[in-house]
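J.: Questions regarding the structure given below will be posed in turn.
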Ligand code: SF4
């Protein structure tokens, strides 16, 4: 499953790299994207695999598991517009179709998931 190359994804990359001005053009070129594209989260969600399981918490410490539980992380978001894939805290998977990671919630993260620490991407 290929992840959409969206304006939000671009903004997150730039924010996390902390170099919007310097890296903007190269990132855009790499992304091959149009900044005017549709950013409808529901349409983007259709491009992810809802059957992907990101539940293996083997190796996590008890305190890390607690963070997962306390933030009410779920595999499939109950919201129409808020998902891990469009959360500022999301770390994209190394390979398309695999689990991502999160700056807040430890362990594997389903891109279609959600938790109470969801944070909107500025811009
Ligand atoms: S903070 Fe929550 S919603 Fe955001 S990526 Fe992490 S688990 Fe998903």
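Read-outs throughout are calculated quantities, based only on the coordinates presented, and are distinct from any laboratory measurement. The structure presented is a predicted model; accordingly, all values stated were derived computationally and were not measured.
J.: Report Rg (one decimal) and Dmax (nearest whole number) for the stretch 55-98, counting Cα atoms only, units Å.
T.: In order Rg, Dmax, the Cα atoms of the stretch 55-98 give 12.0, 32 Å.
J.: In addition: Taking 0.36 nm per residue of sequence separation and subtracting the Cα-Cα distance, how much length would be gained by fully extending the chain between residue 42 and residue 119, in nm to one decimal? Don't skip to the answer; put the middle values down first.
T.: Working: separation 77, 0.36 × 77 = 27.72 nm, distance 1.70 nm.
Fully extending the segment from residue 42 to residue 119 adds 26.0 nm.
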